[in-house]
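Step one of this worksheet: look at the structure below.
Computed from the coordinates by the stated procedures, all read-outs in this text should not be read as laboratory data. In this text, all values refer to a predicted model and were calculated from it rather than measured experimentally. Virtual Cβ from ideal backbone geometry, glycine too; neighbours counted across all protein chains shown.
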Amino acid sequence: MSGMRYEFRVAGRLSLRAQQALEELTAVEVPTETVLYGTLVDDAQVHGVLARLQDLGLRVVSMQQCTSATTRRPPVREELSDQRSRASSAAMIAARRLFTSSLR
C-alpha cells in the first residue's frame, strides 16, 4: 500500500472513542494538542479522516501533507525533545535559585 504521509494537529487530548475511530493514525500528545500522523492512500481517505475528526467534535489546528524530509522520523520528536530540555533547564534554574536563597 503506497500513499502520502499526513499530519493532523487537533486541539486537546483524544478520548478513547476518538483514538479507536482514528486507529489508522499514530497519536502523540504534545502540550495543548494531539498530533496524528500516518500514511493515507488517497484524497478520499484524507477527507474521511477530516470527516471523522469533525464528527468527533475535534478542532483541527493544522493539517499538512508531509514531504520525504519531514518523514524521516515522527514529526514531533524534535519538538518533544526541545520542550523536555527547556522544562529541565527551567527546573534546574528554579532549584538553583531556591538553594541560593536558602543560604542567605
In order through the stretch 9-17: 3J(HN,Hα) via Karplus (6.51 cos²θ - 1.76 cosθ + 1.60), integer Hz, x for Gly, Pro: 10, 10, 5, x, 9, 8, 6, 4, 4
Debye equation applied to the C-alpha atoms of the stretch 4-73, log10 I(q)/I(0) at 0.13, 0.15, 0.19, 0.20 Å⁻¹: -0.32, -0.43, -0.71, -0.79
Surrounding net charge for TYR6, when Lys and Arg each add one and Asp and Glu each subtract one, Cβ distance under 14 Å: -1
